[in-house]
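The values are calculated or read from the model by the stated rules, or taken from the named source; none is laboratory data. Because the structure is predicted, anything quoted here is derived from the model rather than measured. Please note: Cβ atoms are built from the backbone with ideal geometry, for glycine as well, and neighbour counts cover all protein chains shown.
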Amino acid sequence: MSACANLQEWIDFPLLSELTKQIPDIPIYINPAPYAGALGEVHFGRSKSVDHLVYVTSSWGLSVGVYNNGELFTGTTGTAGRLGHSTIHMNGKKCSCGSRGCWEMYASIKALYDLLESTPQQLSFTEIVDSLHAGDSKVTSAVHELGHYQGIGLANVINAYNPRVICIGGLLALLGPKLINSIWNTLNEMIPERFLRNVEIYCSDLGELGVAHGGVSMVIGQLSNTIIHYSLLE
């Protein structure tokens, strides 16, 4: 199960213990959405044979999951990958985290709506995607700018992690080739070609269901341990 750190009212809420109280007989596992998305892509997506993958996702904010040699990189306390809150503009827009110029303020779904001067209530994401495919100039321009800022952030990701694959997941994946082309335009300006030579960047075929697929893969991964545990109890 994944949890969203952008919901301020959920900060310090003991989600795992509260869920366990409600369902005491079922093991519950909680992981951030990008971790689940990375696992979903590795087990069910296009990167089944990849050892080094960075998964970038946005439902509103922006976060990253890093998969390396069969394991997720989670950090000391399990919060690694909060690169949506890395600074790409020192005196930029105020972010919900309290800082300014965070990557997610320029390259997330929220940023796309800001560029379109709209909200999900006024304009559904499906309508945005349909307009993009139809060649709407305003939407195309907004996605191009979004891709530019995605590229700035991904330049940091490439320099930091040297991934074989960067997978764009979540709602961002539905923006397709126009987003990827813009990302590459920026990366080619920022990083020497030799460091990009072996990098593949693509939009996940799993789209917004990548995290759900990751949840399934986490359950499957725990099945053997659970079966052994209950066998020993019998």
Within the stretch 9-49, the residues that are over 27 Å from residue 203 (Cβ atoms), assigned to a helix (DSSP H, G or I) and either in contact (Cβ under 8 Å) with a residue 24 or more places away in the chain or not aliphatic (A, V, I, L, M) (or both) are 9, 10, 17, 18, 20, 21, 22
Return the pair list, or none, for Cβ contacts closer than 9 Å from residues in the stretch 50-69 that are on the phi > 0 side of the Ramachandran plot to residues that are surrounded by fewer than 19 Cβ atoms within 10 Å (Cβ to Cβ) and of a type outside the set (Ser, Thr, Tyr), at least 6 apart or on different chains. 69/51; 69/52
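So is residue 78 under 24 Å from residue 208 (Cβ atoms) and either in contact with a Ser or Thr (Cβ under 7 Å, 6 or more places away or on another chain) or in contact (Cβ under 8 Å) with a residue 60 or more places away in the chain (or both) or not?
So residue 78 fails the test.
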Restricting attention to the stretch 13-51, the residues that are of a type in the set (D, E, K, R) and in contact with a Lys or Arg (Cβ under 9 Å, 6 or more places away or on another chain) number exactly 2
Residue check, residue 168 outside any loop (DSSP other than H, G, I, E, B), in contact (Cβ under 8 Å) with a residue 24 or more places away in the chain and touching a helix residue (DSSP H, G or I) at 6+ places or on another chain (Cβ under 6 Å): no
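Conditions (1) part of a loop (DSSP other than H, G, I, E, B); (2) at pLDDT 95 or above; (3) in contact with a Pro (Cβ under 9 Å, 6 or more places away or on another chain), marked per residue:
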position	(1), (2), (3)
89	yes, no, no
98	yes, no, no
111	no, yes, no
114	no, yes, no
123	yes, yes, no
129	no, yes, no
143	no, yes, no
152	no, yes, no
When the stretch 196-214 is checked residue by residue, the ones that are touching a helix residue (DSSP H, G or I) at 6+ places or on another chain (Cβ under 6 Å) and charged (D, E, K, R) are 208
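For residue 71, indicate whether it is acidic (Asp, Glu) and either within 22 Å of residue 35 (Cα to Cα) or surrounded by 16 or more Cβ atoms within 10 Å (Cβ to Cβ) (or both).
yes
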Exactly one of 157, 165, 129 is surrounded by fewer than 18 Cβ atoms within 10 Å (Cβ to Cβ) and either touching a Cys at 6+ places or on another chain (Cβ under 6 Å) or of a type in the set (Val, Ile, Thr) (or both), and that one is 129
